[in-house]
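Chemist: Quick one: the structure is below, and I'll ask about it shortly.
Readers should treat all values here as calculations from the given coordinates under stated rules, not as data from a laboratory. Predicted, not measured: the structure shown is a model, and the values here were computed from it. Positions of Cβ are backbone-derived with ideal geometry, glycine not excepted, and every protein chain shown enters the neighbour counts.
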Amino acid sequence: MPTTQFIYDPFDPAVMADPLPFYHVLRDEHPVYYLDKWDTYALSRFDDIWNVLEI
């Protein structure tokens, strides 16, 4: 059974139109996601974000 690759770009029109499904996948399956196009990381879990910011 082939699996589909998850691709997330916060500036993609599909993401901007309905971001919640993407956020759910990020949080559940990719809590630290590398955005190759933007050469940066997206963090999707509250505690991880606070830890990185040292709050």
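Chemist: What is the pair-distance distribution P(r) of the chain, computed from all Cα-Cα distances in 5 Å bins starting at 0, with each bin given as a whole percent?
Modeler: Histogram of Cα-Cα distances, whole percents per bin: 4, 18, 24, 26, 17, 8, 2, 1, 0.
Chemist: Right, next: Based on the Cβ-Cβ distance from N51 to D18, what FRET efficiency comes out when R0 is 30 Å, to the nearest 0.05?
Modeler: 0.60
Chemist: Per DSSP H run of n ≥ 4, the term is -39500 (n - 2.57); total these for the chain, divide by its residue number, and report the mean residue ellipticity at 222 nm rounded to 500 deg cm²/dmol.
Modeler: The helix contribution divided over the chain gives -11000 deg cm²/dmol.
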